[in-house]
Amino acid sequence: MATNPMALGIPSDRDHPVVMDLATSVFAEGKLRVMMAAGTSAPEKSLLDKQGKPTTNPADFYEGGALLPLGGAQGYKGYLLNFLVEVLAGLLTGGGYAGGGDKAPFNNCTLMIVIEVQKFRELPLFKSELESMIAYLKDTPVEEGNEVLYPGEKEFRHEKTVLESGVPLADRTVKAIQKELDRYEVKIQLADLGQLTPFST
């Protein structure tokens, strides 16, 4: 099956949204393309080649390999989530699914479920209680140098960083963009943005 991501957004009074968007595999397929462009290896225990053997070569995925489900030794939980998303977004929508005959097994079908909070709770009270929960979690003792983040906080910080310093790109990606600019005679020469920052899970 594909990476089968699931996403969730929660209303709050914070300056940035409480959101999560996660693949039910070890990581999203798009990160494999980033690794290939940067010439880096995939993390251990994240990929199998077409023979079902562990590999760290991102290209093996596109030659019949597979991304493992999230969860490590508890990977069956990721597989169950992956299966659930395949049924909801693939079968239920009629858009195609793994093993579904002539339709592509990897597609971009989506099922969206929107819940109106006010039908259950008063929105200000809901947001206030959400804030109390976040504060409680953030107050949890952590290992030195770490902190508790709520869904969306890491991405918000990353957004601030790239808005200030730019998006890090592999040299191969920069050259491909420059080639397209030149092909359409766009008078822009991209600066050398250096190597891609190390991939991290």
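What follows draws every value from the coordinates through simple rules; no lab data is involved. Note that this is a predicted model, so its numbers are computed, not measured. Cβ coordinates were reconstructed from backbone atoms using ideal geometry, including for glycine residues, and neighbour counts include every protein chain displayed.
The packing ranking of peptides 110-120, 144-154, 169-179, highest mean first, is 169-179, 144-154, 110-120, where packing means the average number of other beta carbon atoms within 10 angstrom of each residue. Between amide H atoms placed 1.01 Å from N, distances below 5 Å from Leu47 occur with Thr55, Leu68, all of them 5 or more places distant or on a separate chain. Placing unit charges on each Cβ (+1 for Lys and Arg, -1 for Asp and Glu) gives the chain a dipole about its Cα centre, and among Leu70, Ala176, Ala98 the Cα reaching farthest toward its positive end belongs to Ala98. Considering only alpha-carbon pairs that sit under 8 angstrom and 6 or more positions apart, the relative contact order computed for the chain is 18 percent.
The helix-based estimate of mean residue ellipticity at 222 nm for the chain, built from -39,500 (n - 2.57) per DSSP H run of four or more residues and divided by its residue count, is -10000 deg cm²/dmol to the nearest 500. Each residue of the range 118-130 was assigned a 3J(HN,Hα) from its phi angle through the Karplus curve 6.51 cos²θ - 1.76 cosθ + 1.60 (θ = phi - 60°); the sequence is 4, 6, 10, 9, 5, 4, x, 5, 4, 5, 5, 5, 4 Hz, with glycine and proline shown as x. When the charge dipole of the range 117-159 is built from unit charges on Cβ atoms (+1 for Lys and Arg, -1 for Asp and Glu) and taken about the Cα centre, the candidate among Met133, Leu123, Asn146 whose Cα reaches farthest toward its positive end is Leu123.
Amide H contacts under 5 Å for Val18: Ile10, Ser12, restricted to partners 5 or more places along the chain or on a different chain, H placed in the peptide plane at 1.01 Å from N. Partners of Lys160 within straight-line reach, counting aspartates and glutamates whose Cα lies under 16 Å from its Cα and excluding those fewer than 8 residues away in the same chain: Asp15.
Backbone phi angles across the range 142-147, fed through the Karplus curve with coefficients 6.51, -1.76 and 1.60 (θ = phi - 60°), yield HN-Hα couplings of 10, 5, 4, x, 10, 8 Hz in residue order; Gly and Pro are listed as x.
Give Lys50/Lys77; Lys45/Lys179; Lys45/Lys154; Lys31/Lys53; Lys45/Lys138; Lys45/Lys127 a once-over and call out the pairs whose C-alpha atoms are over 27 Å from each other.
Lys45/Lys179; Lys45/Lys138; Lys45/Lys127
Overall, the chain carries a charge dipole of about 520 debye about its Cα centre when +1 sits on the Cβ of Lys and Arg and -1 on the Cβ of Asp and Glu, all other atoms neutral. With a simple spin-label model that places each label point 7 Å from the Cα along the Cα-to-Cβ direction, the separation between Lys160 and Glu180 comes to 3.1 nm.
Rounded to the nearest whole Hz, the Karplus-based 3J(HN,Hα) values (6.51 cos²θ - 1.76 cosθ + 1.60, θ = phi - 60°) of the range 79-86 follow the sequence 4, 5, 5, 4, 4, 4, 5, 4, with x at glycine and proline.
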